[in-house]
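The values are calculated or read from the model by the stated rules, or taken from the named source; none is laboratory data. Keep in mind that this is a model prediction, so the values were computed, not measured. So basically every Cβ, Gly included, is an ideal-geometry build from the backbone, and we count neighbours across all protein chains shown. All accessible areas refer to the heavy atoms of the entire protein, side chains included, with ligands and DNA or RNA removed. Shrake-Rupley method; radii C 1.70, N 1.55, O 1.52, S 1.80 Å.
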Amino acid sequence: MTDVADTNASGTPPFDALLTAIRRALGAGDAPPVAVTGAGALPSVCPVSDLAAASVAAAGLALAELVAARFGERPAVAVDRRLAALWFARSLAPQGWELPPVWDAVAGDYRAADGWIRLHTNAPHHRAAALSVLGSAPERAAVAEAVAGWTADALEAAIVAAGGCAAAMRSAAAWAAHPQGAAVAREPLVSWEDGEAGPDGLLAEARPDRPLAGLRVLDLTRVLAGPVATRVLAGYGATVLRLDPPDWDEPGVLPETTLGKACARLDLKDPAGRARFEALLSGADVLVHGYRPDALARLGLDAAARARLRPGLIDVGLDAYGWTGPWRERRGFDSLVQMSCGLAEAGMRGAGADRPVPLPVQALDHATGYVMAAAVLHGLARRLATGRGCAARTALARTAALLLAAPPAPPEPAPAPLGPDDCMDAPEPTAWGPALRLRPPLILAGVPMRWDRPAGRLATAAPEW
């Protein structure tokens, strides 16, 4: 399947190709002109900065088209390529405090008997699963010694079977020959299904400068792609309610992922919690979820049930390794998908290194998040035009395929370091202390991106609209 092609968008050839591919996956036409500014590119064997700019541009164009459908005039779209790449790394600079560590002490790449494997142990139950398989103490030296006695494929399978998360390093060719790689190659970047007709009044509170005001978004996502998507929606006025299970926490990324959102806890396995969720869903306009395929169905909340609860719902789902194939139920994260699909191996070869070289940022997560936001916005435009909701699905592994298929970028220097002019005028009063937030990389004429809530901790709001 060809993911990239020439287009008349404004930017580098990889940017043009990536934006065209995303637009086609969204069912949109040729991209209108996009002003692309910002010098420098993140160092990588793949055009990561172009992926950042193209995914941001896709969300911006989708919003501009929604504004045109609602108000009759389409605002011009501009993207700062340098700021887009910086947002893919980190969007805020703490003032007088430090960000929590992103990675658990055990997480990382280890040399197995026949190659490399990555262990993802940020969640306590994932770390316990890996350590139980290895019979190791939670110390890097002990884990490394234990991993060395396994082949990478065997250890990956054992940890996954135990409920953990791991990925052996494969080349792109090996991934293409793998049953899951072949399944992902057959999937579209975004798949669509029509939904039920919904009531009138969608975006009734919207204004040209705040086009998502009054939109209710129910967020069932965690690190990192889904929260990026809902952060974008919150930036244009949507009311986002994030729901987490009782025992979940992700302290290393909350300053990034909770911006603009109310955060509550709800146990969907508890009858009372599920009843509360159904009531919330019946009042939502959009549902964004990152559960593995069939997880909601096992709770009696499959796509048909969700559509019945909320006719006209825009239902956008995310999976790590794709929606078909033998790994469709496998837990996964950006760093693991990079190992599986060939990106880390390509980086190693390109750098002449002796260990995996991943992308310089969690680009699959962030880019997929902007694609998900664009899917929500296109879904809303379809709803305005037809009265019907829709369901859209995408996967980190499909974004990886998109990036691997992109034309190479010409050499560029790295982006200039973060400077005072790159940040918002006033510090953001986050739950951890004041922080300077980067200026948004997306500019729509007359439609500012701004957030009504600072970043905060989980479980600080009630599960109610």
Extreme residue, surrounded by the most Cβ atoms within 10 Å (Cβ to Cβ), among residues of the stretch 154-182 that are under 22 Å from the mean Cα position of the chain (by Cα) and of a type outside the set (A, V, I, L, M): C165
How many of the residues in the stretch 435-465 are out of contact with any Pro (no Cβ under 8 Å at 6 or more places or on another chain), open to solvent by 50 Å² or more (accessible area, probe 1.4 Å) and farther than 29 Å from L280 by Cβ? 2
Which one of the conditions (1) touching a residue at least 40 places away in the same chain (Cβ under 8 Å); (2) closer than 26 Å to A41 by Cβ; (3) open to solvent by less than 60 Å² (accessible area, probe 1.4 Å); (4) not charged (D, E, K, R) does M424 fail to meet, given that it meets all the rest? (1)
Enumeration of residues in the stretch 202-220 that are loosely packed, with under 14 Cβ neighbours inside 10 Å and closer than 25 Å to A28 by Cβ: A204, P208
Those residues that are outside any loop (DSSP other than H, G, I, E, B), open to solvent by 40 Å² or more (accessible area, probe 1.4 Å) and under 23 Å from L224 (Cβ atoms), I need them from the stretch 250-308; list them, please. R265
Residue hits (the stretch 188-226; in a strand (DSSP E or B) and among the acidic types (D, E)) are E193, D194, E196, D219
Those residues of the stretch 367-376 which are closer than 22 Å to G342 by Cα and either open to solvent by 10 Å² or more (accessible area, probe 1.4 Å) or β-branched (V, I, T) (or both), in sequence order: T368, V371
Those residues that are aliphatic (A, V, I, L, M) and either open to solvent by 80 Å² or more (accessible area, probe 1.4 Å) or farther than 19 Å from M339 by Cα (or both), I need them from the stretch 125-142; list them, please. A128, A129, L131, V133, L134, A137, A141, A142
What residue, among those in the stretch 326-363 that are out of contact with any helix residue (DSSP H, G or I) (no Cβ under 7 Å at 6 or more places or on another chain) and assigned to a loop (DSSP other than H, G, I, E, B), is farthest from R298 (Cα to Cα)? G352
Does G198 count as open to solvent by less than 50 Å² (accessible area, probe 1.4 Å), in contact (Cβ under 8 Å) with a residue 24 or more places away in the chain and over 27 Å from G235 (Cβ atoms)? no
Check the stretch 399-416 and report whether any residue there is without any contact (Cβ under 8 Å) to a residue 60 or more places away in the chain and surrounded by fewer than 19 Cβ atoms within 10 Å (Cβ to Cβ). yes
Considering only the stretch 29-61, how many residues are of a type in the set (G, A, S), under 30 Å from P417 (Cα atoms) and open to solvent by less than 20 Å² (accessible area, probe 1.4 Å)? 11
Near pairs, Cβ below 9 angstrom, 6+ apart or cross-chain, from the stretch 157-176 (within 22 Å of V106 (Cβ to Cβ) and part of a loop (DSSP other than H, G, I, E, B)) to any residue that is open to solvent by 40 Å² or more (accessible area, probe 1.4 Å) and hydrophobic (A, V, I, L, M, F, W, C): A162/A128; G163/A128; G164/A128
Selected residue [touching a helix residue (DSSP H, G or I) at 6+ places or on another chain (Cβ under 9 Å), free of Cβ contacts under 8 Å to residues at least 12 places away in the same chain and under 27 Å from C165 (Cα atoms)] from A305, A297: A297
Taking first residues from the stretch 24-46 that are under 24 Å from A64 (Cα atoms) and without any contact (Cβ under 8 Å) to a residue 24 or more places away in the chain and second residues anywhere that are open to solvent by less than 70 Å² (accessible area, probe 1.4 Å) and of a type in the set (V, I, T), the pairs with Cβ under 7 Å that are 6 or more apart or on different chains are D30/T7
Return a yes/no flag: does the stretch 63-71 have any residue that is assigned to a helix (DSSP H, G or I) and over 30 Å from G214 (Cα atoms). no
Inspect the stretch 96-104 for any residue being assigned to a loop (DSSP other than H, G, I, E, B) and either farther than 30 Å from P441 by Cβ or free of Cβ contacts under 8 Å to residues at least 40 places away in the same chain (or both) and give the result as yes or no. yes
Where W97 falls short, out of the listed (1) modelled with pLDDT of 95 or more; (2) surrounded by 15 or more Cβ atoms within 10 Å (Cβ to Cβ); (3) touching a strand residue (DSSP E or B) at 6+ places or on another chain (Cβ under 7 Å): (2)
